[in-house]
Amino acid sequence: MFELLLLMSGGVAAGAFGALLGLGGGVLIVPLLTLGFGLPFREAVGASLVCVIVTSSAAASVYLQRDVANLRLGMTLEMFTAIAALAGGLIAFLLPDRVLAIMFAALLLYVALTMARARDARETLGVSAGRGAGSGAWAPDDGPAVFEDGDRETATAEAAIDGGLAASLSGPGYRIHNLGRGVLGSLLAGIVSALFGVGGGIVKVPVMNLIMGVPMRVATATSNLMIGVTASAGGLIYLFRGGIDPYVAAPTAVGVFVGASLASRLADRVDLPVLRLLFIAVLVVTAAQMALRGIG
Amino acid sequence: MNDARLERTIGLVLGAGAIVSFCLLAMGIAGMGVTHVGPLDRPFPPFDLNRLGSDLAALKPAGFLWLGLLAVILTPSVRVLASLLGFAVAGERRMVAVAAIVLTAICLSAALGAGG
């Protein structure tokens, strides 16, 4: 019974943090299950994938109903994350753990450094100039990017006039840039998700935010939406190949559900700079964990 | 159906899937407690669709756990299907194609996993 409660408590913490950052909690669950409970790496990844789907469903439900996530952008990019997760799930059963751990640590450090070097959050988020949208458009100091129906229809109409896929995926107050690089990032995110049991938000959020010009809070919400499909594509391979332990995955996932539900309702009150610092800290800690595992 | 309405509908689908999953998993966990099954007990029951019905009928924890886990994993697919239908109603062919590709990738994952 104590082990059950411990697992569920770990899930609550991972779910809350994951929902706030669009990480899905996987970066915390895999170390929790492998280092804390001595589970084989692959079973930890399988359980983690289940947990990140729960996180995604719970958080994205709230984000969508509040009009924070960009559904069109999310679905377009998740075409590539799902296909890549399929490939990643197959590769995961072929490659040695150590090689994967070192590669992942390097990736995390790169992303953390990229985020840390951005001097100004507003500059990074691409919201300092050329907004031109009406009320309800993205404004970091005013809370989340909540779209009024009028803003949304206007933005869609403007995008249609401008033409182009990237323009049609833009939202009120921001325009999508570098769609091609976003696709590459999505492919990487899908592979990373299936290999390491994370949602892929650690790649998707910075790619959308830093490269594609999506506001941080929209990027986080859209990433949460995409994480479910990405992890589902990888999770099905683990499910059918015996990589999911129901006795571990279920209590952890229930904890994650509770944590994610609480956090997604608190997300509006989290300061953007704090959110970013937390994100960087999580990346660095996870990189150290993965490097230690790789070095052995 | 405009974007805002579609997004809210999909949000409800995701929320319902999460709640159904949560309830099934909670029932399975309660069953673990009643039957004194620990989370680290080995071997864990394998996933077998043919046994799912009989396990549920016998009120075995494994039945509820696996059904809950299936609900978790399939909820995003239901969301994509709902999106596909919503975009089809709105006549947005490009987004219908996007949703169809995503669903195909998920089905391919299941097929490759089961075949592997």
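Here the extension length gained between residue B:107 and residue B:12 equals 31.9 nm, from 0.36 nm per residue of separation less the Cα-Cα distance. Once you order the gyration tensor axes a ≥ b ≥ c over the Cα atoms, which shape class does the range A:71-117 get: rounded for a/c under 1.5, otherwise prolate or oblate by comparing a/b with b/c? Oblate, because a/c is 1.5 or more while a/b does not exceed b/c. For the range B:3-115, the dipole from Cβ point charges (+1 on Lys and Arg, -1 on Asp and Glu) about the Cα centre works out to 140 debye, to the nearest 20. Restricting the trypsin sites (Lys or Arg not before Pro) of the range A:15-105 to loop positions (DSSP other than H, G, I, E, B) with no more than 15 neighbouring Cβ atoms within 10 Å leaves nothing. Compute the acute angle (0 to 90°) between the alpha-carbon long axis of helix B:61-89 and the principal axis of greatest extent of the alpha-carbon atoms of chain B; round to the nearest 10°. Between helix and principal axis, roughly 0 degrees. Remark: mean inter-chain Cβ contacts per residue of B:46-55 equal 1, using a 10 Å Cβ-Cβ cutoff to other protein chain atoms.
Residue by residue along B:11-23, Cβ atoms of other protein chains within 10 Å of the local Cβ number 6 on average. Take each residue in A:75-86, count the other chain C-beta atoms within 10 Å of its C-beta, and the mean is 6. With a ≥ b ≥ c taken as the square roots of the eigenvalues of the C-alpha gyration tensor of the range B:1-91, please select rounded if a/c is under 1.5 and otherwise prolate if a/b is larger than b/c or oblate if it is not? Verdict is prolate for the range B:1-91. Contact order for chain B, expressed relative to its length and based on alpha carbon pairs under 8 Å spaced 6+ residues apart, stands at 32 percent. Entry note, the range A:179-296: relative contact order of 20 percent, from Cα contacts under 8 Å with a spacing of 6+ residues.
Only the coordinates and a few stated rules stand behind these numbers; no lab work does. Because the structure is predicted, anything quoted here is derived from the model rather than measured. Note: ideal-geometry Cβ built from the backbone for every residue, glycine included; neighbour counts use all protein chains shown.
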